[in-house]
Amino acid sequence: MKPDVKLVLLGDMNVGKTSLLHRYTERKFTDTISTIGGAFFLKQWGPHNISIWDTAGREQFHGLGSMYCRGADAVILTYDVTNWQSLAELEDRFLAVTDTAKPDCIFAIVGNKADLTDDCALFKEAEGDESPVQTMGSPRLRKQVHTEDAIALYKRILKYKMLEEKDSLPAEKMCFETSAKTGYNVDTLFETLFDMVVPVILKNRNEGFSQTVDLTEYNDGKRTRSGCCV
Ligand SMILES: Nc1nc2c(ncn2[C@@H]2O[C@H](COP(=O)(O)OP(=O)(O)OP(=O)(O)O)[C@@H](O)[C@H]2O)c(=O)[nH]1
Ligand SMILES: [Mg+2]
């Protein structure tokens, strides 16, 4: 199966990239170990074969990011809603990595671990208190990143890419909050992106651009449905 669409998950270590991919592909939340290098999963979407690349967030693998992003049709910039630094890292460390993606690459910004927070009155009461709040037996963490912060980052990404807001997909549609643990919004995230990417590749195909992703460029032979490629 030769993929014709490439999606890449990027973001700091521990934000839950691998868990999101597991949740989507295996329908469950499983224990993970920190990713080494990267791995990909193939998904059939109508007549299209989509490769979804999971990358390592650890600093030591940073150099590989540009390679994984090469020719990407969509990049999922992932942060942890309970960790402000993980959002900052997207801009500081990961945005430049996407320079090798396609010029019309679609960007989504995803705040994962939504299950750990409680947006409601509970936190208004705990205002000013940085410690986790205990409620009904489950620890709740203060939400450190709000959707507006992600939307602001999306707009700065458009500037970085020298794209006009009016010609681009709207920020509100491209910022998601998810939970790999409960499954909240995970299918919506991936499937919304698939539906957005397909018309772009069809348009490019009609205009005569390359229509395939060459996995052999990254993978020396071992091809499984979900494989490791370091
Ligand atoms: N509560 C909660 N925990 C999560 C969620 N997603 C991931 N985790 C946990 O966060 C930790 C890191 O998850 P991973 O999916 O391995 O993170 P990663 O982004 O792939 O990390 P690297 O591979 O090191 O870049 C694990 O202990 C997961 O169980 C989530 O939605 N909610
Ligand atoms: Mg991982």
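The values are calculated or read from the model by the stated rules, or taken from the named source; none is laboratory data. The shown structure was predicted, so the numbers you read here are calculated from the model rather than taken from an experiment. For neighbour counting, all protein chains shown are included, and Cβ atoms are generated from backbone atoms with ideal geometry for every residue, glycine included.
Checking the condition of a type in the set (A, V, I, L, M) and within 13 Å of ligand 2 (Cβ to nearest atom), which residue from ILE50, ILE36, ILE106 passes?
Testing whether each residue is of a type in the set (A, V, I, L, M) and within 13 Å of ligand 2 (Cβ to nearest atom) leaves just ILE36.
Give me the pairs: first residue in region 57-84 and touching a residue at least 40 places away in the same chain (Cβ under 8 Å) and within 14 Å of ligand 1 (Cβ to nearest atom), second residue in a helix (DSSP H, G or I) and polar (S, T, N, Q), beta-carbon distance under 7 Å, and six or more apart or on different chains, which are they?
Listed pairs, sorted by first residue: TYR79/SER86; ASP80/SER86.
Looking for whichever is surrounded by 12 or more Cβ atoms within 10 Å (Cβ to Cβ) and of a type outside the set (A, V, I, L, M) here; the options are LYS161, LYS173. Which one fits?
Step by step, each of LYS161, LYS173 is checked, and only LYS161 is surrounded by 12 or more Cβ atoms within 10 Å (Cβ to Cβ) and of a type outside the set (A, V, I, L, M).
State whether the residues of region 29-51 include one that is within 13 Å of ligand 1 (Cβ to nearest atom), buried (at least 19 other Cβ atoms within 10 Å of the Cβ), at pLDDT below 95 and of a type in the set (A, V, I, L, M, F, W, C).
yes
Hey, does region 15-27 have a residue that's exposed (fewer than 15 other Cβ atoms within 10 Å of the Cβ), more than 24 Å from ARG156 (Cβ to Cβ), more than 16 Å from ligand 2 (Cβ to nearest atom) and modelled with pLDDT of 95 or more?
The answer is yes, given that some residue of region 15-27 is exposed (fewer than 15 other Cβ atoms within 10 Å of the Cβ), more than 24 Å from ARG156 (Cβ to Cβ), more than 16 Å from ligand 2 (Cβ to nearest atom) and modelled with pLDDT of 95 or more.
Condition check: aromatic (Phe, Trp, Tyr) and more than 20 Å from LEU189 (Cα to Cα). Does PHE61 satisfy that?
Judged against the criteria, PHE61 is a match.
Please work out if GLU130 is at pLDDT 95 or above and loosely packed, with under 13 Cβ neighbours inside 10 Å.
For GLU130, the condition - at pLDDT 95 or above and loosely packed, with under 13 Cβ neighbours inside 10 Å - is not met.
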